[in-house]
Amino acid sequence: MDVKEYIASGILELYVAGLLSEKENLEVQERALESAEIQSEIEAIEGSILALSKTVSPGLPLGFNIVKQKIDVDKEIKVVDLKKRDVNWSWYLGWAASLLLAIGFYWMYTQNQELKSKIQVAEEENAQLEQQIADSDASLEKSEELLNTIRDKDIAVISLGGQAVSPTSYAKAYWNKSEQQVFIDAQGLPEPPDGFVYQVWSLKLSPLTPTSLGLLEDFASDENKIFTLTNTNESEAFGITLEPAGGSESPNLEQLYTLGAVSAS
């Protein structure tokens with residue numbers, strides 16, 4: 001933090017009051033050596049506390065010189081009756097006031113640190129909320145763009161029905177020939193088991209020639225289950241098979257989940 005923030009933090013008052021750890025004391029001393037403004041602030045705090053103490057803590061009633069004179073005069077050793085010593089309450093009050101001042105500084109410091117902590121937490125939560133809103137806006141924009149794309153009049157829609165390995169499965173392919181893209185709606189496919197992935201194939205039927213269009217990656221985490229793939233082929237049909245993670249060079253027809261032919265229109 002800069003010099004002004006450091007002074008405003010309350011740590012200098014705790015340093016003067018002697019309430020810091022050894023490590024914190026060393027840190028304050030190093031900062032004071034580096035900054036004349038911090039050193040001046042420490043001296044000002046010390047001066048304020050000393051001035052407060054003096055106003056309520058007068059000096060002892062007998063100075064050193066008076067005691068010396070007393071010794072010089074009284075040459076004989078006498079047995080003197082001890083009198084009950086009066087308690088100098090003002091001296092104690094001065095130190096009590098200094099202690100209360102230090103406690104007050106410490107309380108202000110802890111309150112300031114707690115407030116800073118709460119502000120930081122609030123800022124982090126606000127940043128997270130803003131990110132969530134931005135992500136939601138981006139997702140909504142992407143969904144709207146996708147809907148507009150698949151509703152285009154030049155899009156060919158191919159229904160892919162379930163096959164022997166999974167008769168209840170189904171999917172749809174939205175093929176945009178001009179943009180060489182195919183959108184696979186895989187909502188009707190079950191979640192693949194661990195270590196396996198769905199692979200989409202473009203098929204020429206005579207003779208049967210499969211060409212991989214790609215994998216349906218992150219199937220479980222994709223909420224809308226719509227995947228965009230590139231298709232530069234003159235496809236006559238589309239199929240989806242279940243393959244080991246990473247995909248296969250040729251389709252495993254025993255794991256053919258869905259298949260659909262492109263209409264001749």
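The values are calculated or read from the model by the stated rules, or taken from the named source; none is laboratory data. Since the model is a prediction, treat every value here as computed from it, not as a measurement. Cβ placement follows ideal geometry from the backbone for every residue including glycine, while neighbour counts extend to all protein chains displayed. Please note that ligands, DNA and RNA were not included when accessible areas were found on the heavy atoms of the full protein model with its side chains. Shrake-Rupley method; radii C 1.70, N 1.55, O 1.52, S 1.80 Å.
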*FRET efficiency estimate (nearest 0.05) - Cβ-Cβ, ASN224 to GLU125, R0 22 angstrom*: 0.20
*Once the dipole of segment 155-261 is set up with Lys and Arg at +1 and Asp and Glu at -1 on Cβ about the Cα centre, which of GLY195, ILE155, LEU253 lies farthest towards its positive end?*
ILE155
*Rank GLU41, GLU243 by accessible area, highest first, at a 1.4 Å probe radius?*
GLU41, GLU243
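Going by a ≥ b ≥ c, the root eigenvalues of the Cα gyration tensor, does segment 155-261 fall in the rounded group (a/c under 1.5), the prolate group (a/b larger than b/c) or the oblate group?
rounded
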*Counted charge near ALA8, where neighbours are those whose Cβ lies closer than 14 Å (Asp, Glu -1; Lys, Arg +1)*: -2
*asked:* Taking all protein chains in place and a 1.4 Å probe, what share, in percent, of the accessible surface of segment 155-261 do carbon and sulfur account for?
replied: 47
_Table column - 3J(HN,Hα) (Hz), segment 185-192, Karplus curve with 6.51, -1.76, 1.60, x for Gly and Pro_ = 8, 9, 4, x, 9, x, 5, x
_Using protein chains only and a probe of 1.4 angstrom, how many square angstrom of ASP185 are accessible, to the nearest 10?_
40
